[in-house]
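Student: Starting off with a structure, shown below.
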Amino acid sequence: PASMAATPCFIAFGEAMLRLCPVDDTAKDAAMADSVAFAAEQAAKKPQSETRHEPTLFLRSVGGDELNSAVAFAQLGVPSQWVSVLPTGPLGAVVLESCKANGVHFRGPLVENADLGMYTMLPEQKTVHYQRRNAAFAKHFPDELDWASLMGEHEGIKPSWLQMTGITPLISPAARVSWDRAMEYAKANGIRTSLDLNHRPQLGTLAALWDIVRPHVKHFEVVVLSVGQLLGLMDLHGMHKPHLHGDGAESIEGAEIADDKALLDSMRALHVLWGCSRVALCRKTRDAAGVQRRWSLMTLRRATAGGGGGGPTHG
């Protein structure tokens, strides 16, 4: 009998870590309602630098941009896979159990004598502290990841869309090699790709990240940015930044000081320069009660009457 076509699936590649966020009594309910950022904001209002040596309640969760994306698609009913490298032992098992509970199929090696990376929210410093020194993902050998197998048909499903982020290639030299190999395999085999740039200053500069991304950018179906990243890229490209009703990159993400039209104009300029299919921008604001509102801006490559690609439009 003729073989049935494989079911297309979403696949993401990147690291997962354990996230620890301090929670005080006033912020506990917000944190348990998946508002950890708000919990950190509330905790930062207290002089924790004087008391942080005392016993503290922490909220522990599994963090990871790429895994979060796979979970979101799985919850929408889309077959989803996540490629990574995990350690054997109880902490690696926590991540595996999280994948299973959320309908995500893990693909990748389990390695011994390694740890799971962790990061701790430090609200008094408004930053996070990463611990990756012996992390399995940071130390992995790129040859352990056989992309022809990982992105080939498996149990009746075959990846048709690869999600990447700008976090992974800055984690370690090995992670950068694997990121490049995944991109090259996807391009060579007609697998669509998307990028959440998600620049993390603790890992490296935006300029260093863009040097890695630049050779691939025209191949992405969508490049997702934050407002701060958009402004940083405008600087890198020597382009005029949009006028926003605020005092700069530290506060522009508040809806009350944003000008969506100006941002869209800047997105269109980058879109033309890069030649990708779409550029998206994440917008968010939070009211005094901690309730967050989110929305997105996107530019699309406009089709011409002859069927070719035209200039970008927006929605």
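Student: What residues qualify as long-range amide H neighbours of ALA12, i.e. H under 5 Å apart, gap of 5 or more or another chain, H built at 1.01 Å from N?
Tutor: Those lying under 5 Å, H to H, from ALA12 are GLN81, TRP82, VAL83, GLN163.
Student: Which cross-chain or sequence-distant (5 or more) residues have an amide H under 5 Å from the amide H of HIS154, H modelled 1.01 Å from N in plane?
Tutor: When sequence neighbours closer than 5 places are left aside, there are no close amide H contacts.
Student: Nearest 5 is fine: what % of DSSP beta bridges in region 60-182 come out antiparallel, could you say?
Tutor: 45
Student: Just give me a number: lysine pairs in region 63-215, eight or more positions apart or cross-chain, with C-alpha atoms less than 26 Å apart. Walk me through the numbers on the way to the answer.
Tutor: Values: LYS100/LYS139; LYS100/LYS158; LYS139/LYS187; LYS158/LYS187.
Taking region 63-215 as the scope, the lysine pair count is 4.
Student: Can you give the accessible area per residue of region 116-217, in Å², using a 1.4 Å probe?
Tutor: 45
Student: Please give me the summed charge of the neighbours of LEU273: other residues whose Cβ is under 11 Å from its Cβ, Lys and Arg +1, Asp and Glu -1. Don't skip to the end; give the middle numbers.
Tutor: Values: positive: ARG214, LYS218, ARG268; negative: none.
Spelling it out: positives minus negatives among the neighbours equals +3.
Student: Heavy-atom accessible area per residue, region 50-108, 1.4 Å probe: how many Å²?
Tutor: Values: 3070 Å² over 59 residues.
On a per-residue basis, region 50-108 sits at 52 Å².
Student: Oh, and also: What does the charge add up to near GLN131, with Lys and Arg as +1, Asp and Glu as -1, over the other residues with Cβ less than 14 Å from its Cβ?
Tutor: On the way: positive: ARG19, ARG60, ARG132, ARG133, LYS139; negative: GLU15, ASP115.
Charge balance near GLN131 sits at +3.
Student: Quick one: Cα centre-to-centre distance for region 261-288 and region 59-105, in angstrom?
Tutor: 29
Student: Now for a separate question. Quick one: dipole size for region 109-230, taken about the Cα centre, charges +1 on Lys/Arg Cβ and -1 on Asp/Glu Cβ, in debye to the nearest 20.
Tutor: Numbers: 12 positive and 13 negative charges, 90 e Å.
That gives region 109-230 a dipole magnitude of about 420 debye.
Student: What net charge is computed for the residues neighbouring ARG200, neighbours being all others with C-beta under 15 Å from the C-beta of ARG200, Lys and Arg scored +1, Asp and Glu -1?
Tutor: With Lys, Arg at +1 and Asp, Glu at -1, the net is 0.
The values are calculated or read from the model by the stated rules, or taken from the named source; none is laboratory data. Only a predicted model underlies this, so the values are computations on that prediction, with no experimental measurement involved. Virtual Cβ from ideal backbone geometry, glycine too; neighbours counted across all protein chains shown. Heads up: the accessible areas ignore ligands, DNA and RNA and are worked out on the full protein's heavy atoms, side chains in. Shrake-Rupley method; radii C 1.70, N 1.55, O 1.52, S 1.80 Å.
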